[in-house]
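Asker: This is the structure, below, for whatever I ask next.
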Amino acid sequence: MKDFVARWPITALQKGAMTAVLELGALMGALIAGVFTDRYSRGSSMFVACLVFCIGSAFQCGATRLGHLFLGRAIGGVGVGALSMLSPLYMAEISPPEVRGSLLALEQFSIVLGVVLGFWLGFFTREFEGTASWRIPLGFQIIPGIILLFGCLILPPSPRLLVLQGRIGNARSVLAKLRSRTQSDPLIHLELLEMRVEAVTIQRTFGGEMTSSVKGSNIYRELRTWGTLFEDRYRDRTWIGILMMVFQQWSGINALLYYGPTLVGSIGFTGDTTTLLVSGGIGIVQFFAVFPTISFIDQWGRKPLLKGGSIIMACSHSLISALVLMFHDSWSQNPIPTWMAVGCIYVFTAAYGLSFGPIGWVLPSEVFPLSMRSRGVALSTASNWLNNFLIGLITPVAFEYSPAGTFLIFAAACFTAYLWASWRVPETANVSLEEVDSMFKSSAGRDELALRRQIEEDLGLNDLVRSLGSSTWS
Ligand SMILES: O[C@H]1[C@H](O)[C@@H](O)[C@H](O)[C@@H](O)[C@H]1O
């Protein structure tokens, strides 16, 4: 990328700002999508987000001034942020409970595939002559953007959103298609009734206030809706969404991805190619680690993965920190500790890639009830981007001050994540989104629970469950 450096000799501050505009744009994108997606469909929201992303990418690829790059990254960031909130939300709403974890973990698969492709494309084009060395990697991102743009046109709508909008007939036919069953199938009837119970509970509890966002609302009502996330009945889940992403980011994964070359440089590796290869390996390890999670998350459950992952991550960081303390000025004479440190980085990455990486995208989409799901997921995604931004800002400074201390901070964060996963996270594997809702019933929600039971009775859910039960046994 000699051309890039010669054309735009940017300062460290400008470099930081270039990273930050994307993350802050993404933060905005996630929150904006949280407001609009209930009002329109999930598919059209994704279509618009994709369009914004493609415009941003075109600005970056065709940049003739530094300003174009900044603008392109800010616009592209808004699209990325919106998509990173809309995709897991949509997938959670269309998936059957038995495979929901696997389907949601595909989000992580796509992210790390992008990380790996982006890294290696940049690596191989970096010696190209002229602007091709940076225009090719920047332009390449438009390809998946365009594929998704057209894909959005054929996405089936979310049956849960249709129910919330009162379009029961449409919801039934979409659900039947998604499950490859007929509309008269009793299982379709059952799933649809559960969704209707949820929607009617929302309407009776909030008197149309919540669902008004579907039809149009003013700023005051919008703010009240966001505020509801912090009321007694939803506070626990809101914190799960926010903290899930706090811990994902403070595990230190992006410190390794962004500053990998500096980090491995500090443990004795020299030469551009070596440091780049080691840090490129981090993406590859993350990529392969997601496969076991995709295959087994619904069998193993979310909690054991989070607990096991966080303990391994905490141990790896602690060991690196100790090695850095002991050998920081004698790496070259001590090849074994040097390789141990590299091994720890990879062990950390594998543990992260099995646990907090994918589950960060799974859990927040599962814990919120229909009325709060879009705002809840938006808030958790915004927490991801905000903490991502903070890590980018703090790591180089902390690292310059004390490399061992930096790893110790990440170790402490991972250990706290272990305690959190053990005591505060519910197991959501293999239960329907509506059942997850009832796991969170606090004393404040007791009246709501009674109301829900009444609605289940009124809509005939209990009769249907009884008749399905007796036909199974007879
Ligand atoms: O789950 C993803 C993934 O692990 C990425 O590699 C990381 O850059 C993101 O910040 C994170 O949210």
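The values are calculated or read from the model by the stated rules, or taken from the named source; none is laboratory data. Just so it is clear, the structure is predicted and the values come from calculations on it, not from any experiment. Neighbour counts are summed over all protein chains in view; Cβ atoms, including those assigned to glycine, are modelled from backbone coordinates with ideal geometry. The protein model used for the area step is the full one, side chains on, heavy atoms only, and it has no ligands, DNA or RNA in it. Shrake-Rupley method; radii C 1.70, N 1.55, O 1.52, S 1.80 Å.
Asker: How many residues does segment 143-153 hold that are open to solvent by 40 Å² or more (accessible area, probe 1.4 Å) and away from the ligand (no atom under 16 Å from the Cβ)? Before you say what the answer is, go through the steps one by one.
Answerer: Going through segment 143-153, the residues open to solvent by 40 Å² or more (accessible area, probe 1.4 Å) turn out to be 143-144, 146-148, 150, 153.
Within this subset, residues satisfying the condition of being away from the ligand (no atom under 16 Å from the Cβ) are 143, 146-148, 150, 153.
Total satisfying the criteria: 6.
Asker: Report, by residue number, each residue of segment 410-440 that is at pLDDT 85 or above and not in a helix (DSSP H, G or I).
Answerer: Arg424, Val425, Pro426, Glu427, Thr428, Ala429, Asn430, Val431, Ser432
Asker: Moving on. Can you pull out the residues in segment 353-377 that are part of a helix (DSSP H, G or I) and either more than 15 Å from the ligand (Cβ to nearest atom) or without any contact (Cβ under 8 Å) to a residue 12 or more places away in the chain (or both)?
Answerer: Glu366, Val367, Leu370, Ser371, Met372, Arg373, Ser374, Arg375, Gly376
Asker: Then there is this: Do we find that Tyr40 is more than 16 Å from the ligand (Cβ to nearest atom), modelled with pLDDT of 95 or more and aromatic (Phe, Trp, Tyr) in this structure? Spell out the reasoning first.
Answerer: Details: more than 16 Å from the ligand (Cβ to nearest atom): yes; modelled with pLDDT of 95 or more: no; aromatic (Phe, Trp, Tyr): yes.
No: the conditions fail for Tyr40.
Asker: Taking the condition open to solvent by 10 Å² or more (accessible area, probe 1.4 Å) and over 26 Å from Met85 (Cβ atoms), does His317 pass?
Answerer: It is false that His317 is open to solvent by 10 Å² or more (accessible area, probe 1.4 Å) and over 26 Å from Met85 (Cβ atoms).
Asker: Kindly indicate the residue of segment 232-249 that is under 15 Å from Leu306 (Cα atoms) and either more than 16 Å from the ligand (Cβ to nearest atom) or of a type outside the set (Phe, Trp, Tyr) (or both) and also nearest to the chain's Cα centre (by Cα) among those meeting that condition.
Answerer: Met245
Asker: When you scan segment 8-127 for helices (runs of 4 or more DSSP H) that lie fully inside it, which ones turn up with 2 or more residues that are surrounded by fewer than 23 Cβ atoms within 10 Å (Cβ to Cβ) and touching a Cys at 6+ places or on another chain (Cβ under 6 Å)?
Answerer: Per the criteria, 42-61.
Asker: Continuing with the same structure: Here's a check for you: in segment 323-362, which residue that is surrounded by fewer than 15 Cβ atoms within 10 Å (Cβ to Cβ) and at pLDDT 90 or above is farthest from Gly301 (Cα to Cα)?
Answerer: Met326
Asker: Which of (1) touching a helix residue (DSSP H, G or I) at 6+ places or on another chain (Cβ under 7 Å); (2) within 16 Å of the ligand (Cβ to nearest atom) does Phe415 not meet, given it meets every other one?
Answerer: The one condition Phe415 does not meet is (2).
Asker: Considering Thr338, Thr349, which residue is assigned to a helix (DSSP H, G or I), away from the ligand (no atom under 16 Å from the Cβ), more than 18 Å from Trp239 (Cβ to Cβ) and of a type in the set (S, T, N, Q)? Working first, answer last.
Answerer: On the way: Thr349 fails: away from the ligand (no atom under 16 Å from the Cβ).
Every option except Thr338 fails the conditions.
Asker: Still on this structure: So, Pro261, is that one farther than 27 Å from Trp423 by Cβ and out of contact with any strand residue (DSSP E or B) (no Cβ under 8 Å at 6 or more places or on another chain) or not?
Answerer: Yes, satisfied.
Asker: Collect the residues in segment 103-132 that are more than 16 Å from the ligand (Cβ to nearest atom) and either under 30 Å from Pro157 (Cβ atoms) or in contact with an Asp or Glu (Cβ under 7 Å, 6 or more places away or on another chain) (or both), keeping them in residue-number order.
Answerer: Passing the criteria: Gly130, Thr131.
Asker: Regarding segment 307-324, can at least one residue be identified that is within 16 Å of the ligand (Cβ to nearest atom), more than 28 Å from Trp423 (Cβ to Cβ) and touching a Gly at 6+ places or on another chain (Cβ under 9 Å)?
Answerer: Scanning segment 307-324, I find no residue that is within 16 Å of the ligand (Cβ to nearest atom), more than 28 Å from Trp423 (Cβ to Cβ) and touching a Gly at 6+ places or on another chain (Cβ under 9 Å), so the answer is no.
Asker: Taking Ile394 as meeting all but one of (1) within 16 Å of the ligand (Cβ to nearest atom); (2) open to solvent by 50 Å² or more (accessible area, probe 1.4 Å); (3) in contact (Cβ under 8 Å) with a residue 40 or more places away in the chain, write down the number of the exception.
Answerer: (3)
Asker: Okay, moving on. Conditions first: (1) modelled with pLDDT of 95 or more; (2) within 15 Å of the ligand (Cβ to nearest atom); (3) not polar (S, T, N, Q). Arg135 passes all but one, so which condition is the exception?
Answerer: Condition not satisfied by Arg135: (2).
Asker: Mind checking which residues of segment 250-273 are β-branched (Val, Ile, Thr) and within 16 Å of the ligand (Cβ to nearest atom)?
Answerer: Listed by number, the list holds a single entry, Ile253.
This table checks each residue for (1) touching an Asp or Glu at 6+ places or on another chain (Cβ under 6 Å); (2) free of Cβ contacts under 8 Å to residues at least 60 places away in the same chain; (3) within 26 Å of Ile32 (Cα to Cα).
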site	(1), (2), (3)
Trp226	no, no, yes
Ile240	no, no, yes
Leu243	no, no, yes
Gln248	no, no, yes
Gly252	no, no, no
Tyr259	no, no, no
Thr262	no, no, no
Gly268	no, no, no
Asp272	no, yes, no
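Asker: Taking Pro292, is it open to solvent by 30 Å² or more (accessible area, probe 1.4 Å) and touching a residue at least 24 places away in the same chain (Cβ under 8 Å)?
Answerer: So Pro292 passes the test.
Asker: Looking only at segment 256-281, count every residue that is closer than 21 Å to Trp331 by Cα and at pLDDT 85 or above and tell me the total.
Answerer: Matching residues across segment 256-281 total 2.
Asker: Does Phe287 count as within 16 Å of the ligand (Cβ to nearest atom) and crowded, with 16+ Cβ neighbours inside 10 Å? Walk me through how you get there before you give the answer.
Answerer: Details: within 16 Å of the ligand (Cβ to nearest atom): yes; crowded, with 16+ Cβ neighbours inside 10 Å: yes.
Yes: the conditions hold for Phe287.
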